[in-house]
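Down below is the structure, laid out as structure tokens.
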Amino acid sequence: MINIFKRKVNQAKHPLSPVEPTHRVWTIFDELEDFWVCNKTAIGVFIIAVCIGILIFMMGYAAATGHIHMFSTEANVYEHLTEVI
């Protein structure tokens with residue numbers, strides 16, 4: 001077959017080789033992005049553990065400073081009620 005119009009026959013529309021080089025230095029941001037994408041369950045468990053730890057710390061601090069009366073007796077409760085009234 002003669003190519004009359006000087007067209008390139010059977011050429012790919014898009015070349016398979018990348019236009020820009022893909023090799024670059026691996027940084028800590030790439031490591032963090034890889035961790036974020038691959039470990040959703042571990043991140044969820046870590047966030048829940050941090051929240052529970054903060055809650056326990058806050059309750060311990062409130063109990064230590066006297067803002068929460070966890071082990072009050074019944075007489076102690078009435079005593080506080082009379083102080084309020």
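Worth a mention:
- In the stretch 19-31, the condition of being at pLDDT below 75, on the phi < 0 side of the Ramachandran plot and among the aliphatic types (A, V, I, L, M) is met by at least one residue.
- Of all the listed residues (Ala49, Ala63, Ala75), the sole one being modelled with pLDDT under 65 and part of a helix (DSSP H, G or I) is Ala75.
The values are calculated or read from the model by the stated rules, or taken from the named source; none is laboratory data. Worth saying up front: this structure is predicted, and the values here are computed from it rather than measured.
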